[in-house]
Amino acid sequence: MSDSHRRRQLNVLLASLLIAVPGLGPAAGAAEVLELRFDGLELPLNLEQLDGWSRSPSGRTDGGDLAVWLDLLDPRSRQDLKILLHAPLLRDTSFGQQLLDSWTGSQMLARLGDLLTTPEGRNTTAVLQTTLRRLLETRQDVSTIGLLRALPVQRLSLQLDGLYDLALQWRQQIDLQRQALRRLQTLALPERRTDPFAFGDHTSLKPRRQGLVVVHRALPLPLEIWSAPAGLRGAVADRPWLLMMPGLGGNADQFGWLASELAERGWPVVVVQHPGSDGPALKAALDGQRPPPGAETLAIRLADIQAVLASQRRGDLPVQGKGVVLVGHSMGGLSALLAAGVVPEPGLGERCRKALDRLPIANPSRLLQCQLPSTELPEPSSPPADLRGLVLLNGFGSLLWPRRGLASLRVPVLMVGGSLDLVTPPLEEQLRLFLQGGDPRSRLVMVEGGSHFSPVRLMPTDEVLFRLDAEIVGVDPVRVQSALLRLTTEYLHTLEEPLLLPAQRRVQQGVILDVLDAAAARRWKAGLHP
């Protein structure tokens, strides 16, 4: 057997174990053998030997050939595999139970049940769910090897073809985004070096926190209101005001960096916090007090937006402007598009059935999009009559608008994505939508080295919710935010004056923003592999 062939076999074996289903501790009368099936081949793994190998400092077990195979892995891979087999993937009983009850959790179990089957090929979703519930009643920690040994089936079959496909899906997405970035970097765009604004805590502005009484909520809707300085208000009377929406699990104060700086420069801002899908709601889910929030919260988010718009028109909010610009991050961007009157195209249910044939690990936003057919959204409404534009930070909607994109949107949009974003991948979730837009003032912006979390300013109180390493956060978020602030102000100026934001490659403090108009975006798309 050649070294390359041996490495491929070991990679398949390792991938199967790394991606295997999370679970808990062993139980009497449980599974004894995990049979790996790949391309017609069958490789039985004795779970007791695997468990013993993973617990032994030397990796050796009594009898069996499993240790011989696993000891061929390099030392770091062996150690990583041991950690992954026993690491507590779910640390809290209550959260685990809430996750099982959620739509997202049920979809994940359904897909995993297709991969982990009985020897006869029967789906194990029901067995997985029952076993997890039983174990969660008595234990706290969740580990991969534990669940496998606890399942009440003596012999299990793990479909490596499907697992290998998942691993390839993830790897291909990463490779595709790397290739797309390299292609983007070859586009002939004029380079412009920009200086950062005075940026940070220099502003003297403080938000006015106000609760807005709305008919669809029992408690007032929390708002942060940033008014322009008194000396600027007359000089910028023709400017729009901005309504800003955080993403799922986000708080208003995470976008104070943008709201305060734009208000300082003459654009009044209202940041809405959506109880039920904000930081406290996410923390409550982690504490096991409620299911994790998802797309079912979109309806009340849209009602919040309509209520704030109506309140401002009545003069009940201390902000004035000539029209409004909707600004949203991630799910807040999706809310902005729906509030702007962009109606989902027919056939979402069928598209989702195809998209969820396998776990969408290369595009997790599809789980949210595919939850929409099971939720009740309000009837489509007309866009606000005074809508001036949209700013979408890491937005998404490829399954909602696969053919027409943003063609029905009659105002310009600034659509921002990150080359490292693996939550809302830019090629699917931003470029595809942007190519169908119609307003010549619209721009697509790629942040080289930016991630899904680049626009989010984490506060000290967010440490419990967000513990993200550098690979997920991307390049320094503060420098990215400084570059996005200058770009956003220039885009907002194009809404007030007869000018266009030029296609260009902007460099600021080492952060590169590729600003594309429709023609440049088409050239980028044409250079990508189909």
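What follows is calculated from the coordinates using simple rules that are stated; it is not laboratory data. Quick caveat: nothing in here was measured; it's all calculated off a predicted structure. Note: ideal-geometry Cβ built from the backbone for every residue, glycine included; neighbour counts use all protein chains shown.
Ordering 279-292, 390-403 by mean Cβ neighbour count within 10 Å, with the highest value first, yields 390-403, 279-292.
Measuring nothing but how far apart in sequence close Cα pairs (under 8 Å, 6+ apart) lie, relative to its length, segment 193-526 scores a relative contact order of 16 percent.
When peptides 220-231, 345-356 are ranked by their average number of other Cβ atoms within 10 Å per residue, the highest-first order is 220-231, 345-356.
Converting phi to 3J(HN,Hα) with the Karplus coefficients 6.51, -1.76 and 1.60 and the offset θ = phi - 60°, segment 333-345 yields x, 4, 4, 5, 5, 5, 5, 7, x, 7, 7, x, 6 Hz in sequence order, with x at every glycine or proline.
Other residues within the sphere of radius under 12 Å centred on the Cβ of ALA307, judged by their own Cβ, net out at +2 (K and R +1, D and E -1). When ARG192, ARG239 are sorted by how many other C-beta atoms sit within 10 angstrom of their C-beta, beginning with the fewest, the order is ARG192, ARG239.
Spin-label model, LEU181/GLN509: points 7 Å from Cα along the beta carbon direction are separated by 2.0 nm. Between GLU345 and GLN306, the C-beta separation translates, for a Förster distance of 22 Å, into a calculated FRET efficiency of about 0.50. Over all other residues within a Cβ to Cβ distance under 13 Å of LEU317, the charged ones net out to +2, with Lys and Arg as +1 and Asp and Glu as -1.
Using 0.36 nm times the number of residues separating HIS493 and ARG55, minus their current alpha carbon distance, what extension gain do you get?
Working: separation 438, 0.36 × 438 = 157.68 nm, distance 6.23 nm.
Residue separation times 0.36 nm, minus the Cα-Cα distance, leaves 151.4 nm.
When you count the other C-beta atoms within 10 angstrom of each residue and take the mean per peptide, 169-182, 246-259 line up highest first as 246-259, 169-182.
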